[in-house]
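The values are calculated or read from the model by the stated rules, or taken from the named source; none is laboratory data. As the structure is a computational prediction, the values presented were derived from the model and not from experiment. A quick note on method: Cβ atoms are made from the backbone with ideal geometry, for glycine too, and the neighbour counts reach across all protein chains shown. We work out accessible area using only protein heavy atoms, side chains counted, and drop any ligands, DNA or RNA first. Shrake-Rupley method; radii C 1.70, N 1.55, O 1.52, S 1.80 Å.
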Amino acid sequence: MVDGKRQSGRASPPDGGWGWVIVGCCFMVTVCTRAVTRCISIFFVEFQAHFGADYSATAWIHSLVDCTTMLCAPLGSLVGNRWSCRVAVMVGGLLSSCGLLLSSFSSSLELLYFSLGVLSGLGFALCYTPAIAMVGCYFRRRKALAYGIAMSGSGIGTFVLAPAVQLLIELYSWRGALLVLSAFVANLCVCGALLRPITVQEDEEGAEGEERESTGEERRGDVSLQDAELAVKLSKQTEDCLVSSGVPSSSSPSFLPSLPLLPGNPAPQVKRRRCFSSCFLSSKEYRFLLLPDFLGLAVSFLFLACGCSLPFVYLVPYALSAGVSHQHAAFLMSILGVIDIVGNITFGWLTDRRCVKPYRLVCYIVSVGMEGICCLFTPLLRSFPLLVPFAVLYGYFDGAYVALIPVVTSDVVGAPYLSSALGVVYFLHAIPYLISPPIGGWLVDVTGSYTATFFLSGTALLASALILSTVVGIRRCCHRHYVTAVANETKDTKHEALPLSLSNKSHCFIAFNKEPVSQVIAS
């Protein structure tokens, strides 16, 4: 049973039903994690004034939150896969709320590094990846739209929280504002309670134990069906080993949750087999790491993470240094957030259209490249009316690429590996998120301006788009070359085409049914 209670009967169908509740929960998770993280930059000046620290030392707080969130993203995937997304999100909500609560009583930057940076970041990591993966379990045809709505929580949250946090700081100081945010983030526990796992749809006309075709999106019992699907795809040697040990082989993955003891098969041996099988399945979950397309995507994500966080950290301080008032500087974050929503939803809707769906990766590359161009022109904007267009453009394309990250990742690795792949993707953001804000602060301390910091951000984003464009170009050239070669070979042998030989038929038959060669040839 999942969380002690298994839902009987038929589960809600994909692309609807309880899936919209899951989208709403993921929306609130992004509000309580990514939007709150963005609003930490509003505390930047307050922390500097209170602790008498420089830019680089204060920037470590924001970078630690982002780094811990992304560094521990595989841990969130692991907890979600092994137990449930419900457990992961509820535990993460409790940890992040406690971290913000302790931060309101901090007496030094070092304590803020731990409470706000590490503890809250760990809680956000446990919530973020499982909630996003749950949306992919409930939606197929309208996946991009569902992700667009769910990921728009970061934009809407920034739009609402930025002025609210500034007002709370003015009324109750930064300590009181963190205390209120702690109570707000505790709502993650409520969101986690609503993340109901998908149960297997059973046939009403009998055939108990027979399950429908698994897509890696459904879960049953304490073991996810992602692992069950991977079990079906185990190599022939592994399954033969299981059969020889007395464990029955079946096309259905239902033998995974409970392995029956057969006569003459001692219990310790069966347990050892199950432990070995579990470890083997864990390694199979990450075999997508060998895909060349995913490796190129991973390198692109590294450069993306180096540049995307800097504008959120330094936009408010840059606006204040340009003579913009505190309220207007916070309002820039609100503008960025509300336009972020438009980018989430519009790109999610557009990339679900039949004519645009094949070009999702191209849309992602364009959005990242446009963000880089916006950052390069930022040092020329020295007033509030000029900074508003920057907030509009940057927020729109930021919302576009954020909504497309899980979609593009799913297109590359496939739905069965989405949860594990998202953990790796967000893990790749960790180190750049850790070092880029302090480096940006160090550039400000050395040069006395924000020009070099925004140039660093724009260059990194453009490099990310260029790397992925190169990967796409190489892949298309290789595909075109392969298609041409196949066409030429078919043209040369079209008069000699023969049916599939017996040996080839036997090979295909053995690959799926694992029957001895002698039986196949004899048939």
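For this structure, a couple of remarks:
- Here the stretch 58-192 yields Rg over Rh of 1.00, to two decimals, using C-alpha coordinates and the Kirkwood radius.
- Radius 13 Å from Cβ of Tyr147, net charge of other residues (Lys, Arg +1; Asp, Glu -1): +2
- Taking every protein chain into account, the 1.4 Å probe leaves Ser107 with about 90 Å² of accessible area, to the nearest ten.
- Charge context of Ala465, other residues only, Cβ under 15 angstrom, K/R +1, D/E -1: -1
- Ordering of 290-296, 163-169 by burial proxy (mean other Cβ atoms within 10 Å per residue, highest first): 163-169, 290-296
- Glu170 - accessible surface, heavy atoms, 1.4 Å probe, Å² rounded to 10: 100 Å²
- Inter-part distance, the stretch 101-140 to the stretch 330-348, computed on C-alpha centroids, equals 22 Å.
- When nucleic acids and ligands are ignored and a 1.4 Å probe is applied, Ile345 ends up with an accessible area of around 70 Å².
- Shape of the stretch 381-437, Cα gyration tensor, a/c cut at 1.5: oblate
- Under the shape rule built on the C-alpha gyration tensor, where the axes satisfy a ≥ b ≥ c, the stretch 299-358 is oblate, since a/c reaches at least 1.5 while a/b does not exceed b/c.
- Euclidean distance of C-alpha centroids, the stretch 429-474 and the stretch 409-426, integer Å: 25 Å
- Which of Trp349, Trp60, Trp83 is most accessible, then next, and so on - probe 1.4 Å: Trp83, Trp349, Trp60
- Using alpha carbons only: equivalent-ellipsoid semi-axes of the stretch 352-417, gyration tensor based, whole Å: 30, 11, 9
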